[in-house]
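First up is the structure itself, then whatever we jot down about it.
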Amino acid sequence: MRHSRVESLMVAEVVSVVPSTPFKEVAKQLAEHDISGVPVLDEGDRVVGVISESDLLMRQASAGGSGWERAPSDRADRADAPTAEQLMSAPAITVRADDTVTEAARTMLRHSVERLPVVDEWGRLVGIVTRRDLLKVFLRPDQEIRLRVIEEVLVDTLGLAPDAVEVHVVDGTVTLEGCLETLSEVPVLRRLAEQIDGVVAVNDLLTARVNEAPNPSP
């Protein structure tokens, strides 16, 4: 079955900083572009870390008004100001452009992050994807979801006729109704339907002509 890939949802033009970028410039970039985080890149455009709003706030709170958060007035003040390298969370949690949306969502949840830099095979930045971007898959039209269940699950994967069961989709919830040949096909069909991008839930109203008996013990 086809699954949406990160490359179809990611933003290719990414605001980034380098390890030597000072605190105030990082904060300025977040504010000017209305974003909540930026990747930190080395000289080869490889992602070495990520800075979020939370990282800035935590650093400011821990500083306790020590003075570096004030506008630097001389070279000594600039030397004391923290840089992106000191602020960033590292190593960076990243995904590849050909990862599925499901894989990216699991990575976000597992690491409790709101954005993921997208990198190529050499670790170089090619885009960024956020939780909001991933949620777009659930905006798929019901008719598109229905066609994908019929074509990709019933026909292509299970080898059934397109009208083997009735498929109804309302607000992303799929209802499967009909009679399959064997009972073992029921959970398989339900599980495959759940894996279609944009499916919120699956209601199983399926029955079977044959209820297979367990194999006798030897």
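Database remark: amide H of Thr21 closer than 5 angstrom to the amide H of Ala84, Glu85 (H placed geometrically; neighbours at sequence offset of 5 or more, or on other chains; Pro and chain starts carry no H). Per residue, the convex hull spanned by the Cα atoms of the chain amounts to 179 cubic angstrom. Take every DSSP beta bridge whose two residues both sit in the chain; close to 60 percent of them are antiparallel. Rolling a 1.4 Å probe over the heavy atoms of the protein chains gives the chain an accessible area of 59 Å² per residue.
For the chain, what's the relative contact order in percent, using C-alpha pairs closer than 8 Å and at least 6 residues apart? Relative contact order comes out at 19 percent.
Subtracting the Cα-Cα distance of Arg190 and Ser62 from 0.36 nm times their residue separation leaves 41.0 nm of extension gain.
The values are calculated or read from the model by the stated rules, or taken from the named source; none is laboratory data. Since we're looking at a predicted model, the values are computed, not measured. Quick note on the areas: whole protein, heavy atoms, side chains included, nothing else; ligands and nucleic acids left out. Shrake-Rupley method; radii C 1.70, N 1.55, O 1.52, S 1.80 Å.
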